[in-house]
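Enquirer: What follows is a structure written as structure tokens; I'll ask about it next.
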Amino acid sequence: VTFPAAELEKLGVLGHGNGGTVYKVQHKRTSKLYALKVVHGDGDQTVYRQVLRERDILRKTDSPYIVRCYETYEKPSGDVALLMEYMDAGTLDTLLHNRGTFSEPELAHITRQILKGLSYLHAHKIIHRDLKPSNLLVNKNMEVKIADFGVSKIMSRTLDPCNSYVGTCAYMSPERFDPNAYGGNYDGFLGDIWSLGLTLMELHLGHFPFLPPGQRPDWATLMCAICFGDPPTLPSGASDEFRSFLDCCLQKESSKRWSASRLLDHPFLVKYYQGTDSC
Ligand code: ATP
Ligand code: MG
């Protein structure tokens, strides 16, 4: 599906990121809906570099668990736009706020899809580095797809500690703050597993796990809680399998965390598995 940008009509704004805007657009001839992420070339250079990186990564990926990018548009002025599949139920963040917390069977269904996306990315040497509820898109069929690759990284063959401050620091793993203390055998991919653990806990609790409900995170408090505190735990009532799953994600020492492909066989997912999908 490729066509010129002139054949698209803007219907509204789906979201503002830092620097870019995502529009709901319609292809006039076919009436098909898409999401169009637009970043202006004359704006912030960091934002511009991020959209180019996102473009490069989305061009390489082909998975039902990663948001699809069908076309990219570039103007001589430097403006860049990415034409993506439209996810009609928003993000896990908006779903959480609109309909409340998720049950364990719902979370298992969500988790399986995120893990399939992550194991695809990691097998292709891509680290997402900004996994969080607002970067996980959902459609009405409860299909979940990973989006927003602005700060992702493609690992090169050379050893790269990759501990720079990118992404939303709230979901950042301890070794990203302090590689010497928590990064024994650091490979970067396991940082995404930490972020997954925090994301799932937030979807279950209804608020960000390291902070009481309603408190806005400030950087220093968070960093202290993540690096010096114990990992958050689930309230009573959670199943042993869910507790164990989060324990496998939220190990402060990165080398103790399970990989995405190993987590796919965890008893928490086996317990609630109902589907028949093969890939
Ligand atoms: P942020 O800095 O807030 O993470 P960003 O500039 O990196 O944002 P995205 O996260 O890619 O941009 O998109 C911003 C918002 O636009 C998302 O949180 C979501 O609400 C909406 N959005 C993005 N892509 C889609 C899509 N394919 N379908 C539907 N909505 C989308
Ligand atoms: Mg985002």
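Enquirer: Kindly indicate which of G12, G17 is open to solvent by less than 40 Å² (accessible area, probe 1.4 Å) and either farther than 21 Å from P133 by Cα or within 9 Å of ligand 1 (Cβ to nearest atom) (or both). Before you say what the answer is, go through the steps one by one.
Expert: Values: G17 fails: open to solvent by less than 40 Å² (accessible area, probe 1.4 Å).
Result: G12 is the single residue among G12, G17 that is open to solvent by less than 40 Å² (accessible area, probe 1.4 Å) and either farther than 21 Å from P133 by Cα or within 9 Å of ligand 1 (Cβ to nearest atom) (or both).
Enquirer: Identify, please: which residue in the range 70-89 is out of contact with any helix residue (DSSP H, G or I) (no Cβ under 8 Å at 6 or more places or on another chain) and outside any strand (DSSP E or B) and is, among those, farthest from L52 (Cα to Cα)?
Expert: Across the range 70-89, the extreme among qualifying residues is D88.
Enquirer: Hey, another quick one. Considering only residues that are acidic (D, E) and either more than 15 Å from ligand 1 (Cβ to nearest atom) or crowded, with 18+ Cβ neighbours inside 10 Å (or both), look in the range 98-143 and name the one that is modelled with the lowest pLDDT. It would help to see each step written out before you state the result.
Expert: So in the range 98-143, the residues acidic (D, E) come out as 104, 106, 130, 143.
Still in the running and either more than 15 Å from ligand 1 (Cβ to nearest atom) or crowded, with 18+ Cβ neighbours inside 10 Å (or both): 104, 106, 130.
Numbers: E104: 97, E106: 97, D130: 93.
Per the criteria, the residue is D130.
Matching residues to (1) over 23 Å from L107 (Cα atoms); (2) touching a Pro at 6+ places or on another chain (Cβ under 8 Å); (3) not in a helix (DSSP H, G or I):
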site: R176; (1), (2), (3): yes, no, no
site: L196; (1), (2), (3): no, no, no
site: M201; (1), (2), (3): no, yes, no
site: L211; (1), (2), (3): no, yes, yes
site: G214; (1), (2), (3): no, no, yes
site: T221; (1), (2), (3): yes, no, no
site: C227; (1), (2), (3): yes, yes, no
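Enquirer: Take the conditions in contact with a helix residue (DSSP H, G or I) (Cβ under 9 Å, 6 or more places away or on another chain) and open to solvent by 20 Å² or more (accessible area, probe 1.4 Å) and apply them to S259. Does it pass?
Expert: On the way: in contact with a helix residue (DSSP H, G or I) (Cβ under 9 Å, 6 or more places away or on another chain): yes; open to solvent by 20 Å² or more (accessible area, probe 1.4 Å): yes.
Criteria met by S259.
Enquirer: So for the range 3-15 (the condition being within 15 Å of ligand 2 (Cβ to nearest atom), at pLDDT below 95 and within 16 Å of the chain's Cα centre (by Cα)), does at least one residue qualify?
Expert: Step one: filter the range 3-15 for residues within 15 Å of ligand 2 (Cβ to nearest atom), giving 13-15.
Within this subset, residues satisfying the condition of being at pLDDT below 95 are 15.
Remaining after also requiring within 16 Å of the chain's Cα centre (by Cα): 15.
Yes, the range 3-15 contains a residue that is within 15 Å of ligand 2 (Cβ to nearest atom), at pLDDT below 95 and within 16 Å of the chain's Cα centre (by Cα).
Enquirer: Can you confirm whether the range 82-97 contains a residue that is buried (at least 17 other Cβ atoms within 10 Å of the Cβ), in contact with a Phe, Trp or Tyr (Cβ under 6 Å, 6 or more places away or on another chain), at pLDDT 95 or above and farther than 30 Å from I193 by Cβ?
Expert: Looking for residues that are buried (at least 17 other Cβ atoms within 10 Å of the Cβ), in contact with a Phe, Trp or Tyr (Cβ under 6 Å, 6 or more places away or on another chain), at pLDDT 95 or above and farther than 30 Å from I193 by Cβ, one finds at least one in the range 82-97, hence yes.
Enquirer: Please go through the range 51-81 and pick out each residue that is under 11 Å from A147 (Cβ atoms), surrounded by fewer than 20 Cβ atoms within 10 Å (Cβ to Cβ) and in contact with a Leu (Cβ under 6 Å, 6 or more places away or on another chain).
Expert: Correct list: empty.
Enquirer: Okay, next question. Restricting to the range 25-47, count the residues that are within 16 Å of ligand 2 (Cβ to nearest atom) and open to solvent by less than 80 Å² (accessible area, probe 1.4 Å).
Expert: Just the residues of the range 25-47 that are within 16 Å of ligand 2 (Cβ to nearest atom), to begin with: 35-39, 44, 46-47.
Next, from what is left, pick out any that are open to solvent by less than 80 Å² (accessible area, probe 1.4 Å): 35-39, 46-47.
Matching residues across the range 25-47 total 7.
The values are calculated or read from the model by the stated rules, or taken from the named source; none is laboratory data. These numbers were taken from a predicted model, which means no experiment stands behind them. Counting neighbours? That spans all protein chains shown, and the Cβs are built from the backbone with ideal geometry, glycine included. Surface areas here come from the heavy atoms of the whole protein model, side chains and all, with no ligands, DNA or RNA. Shrake-Rupley method; radii C 1.70, N 1.55, O 1.52, S 1.80 Å.
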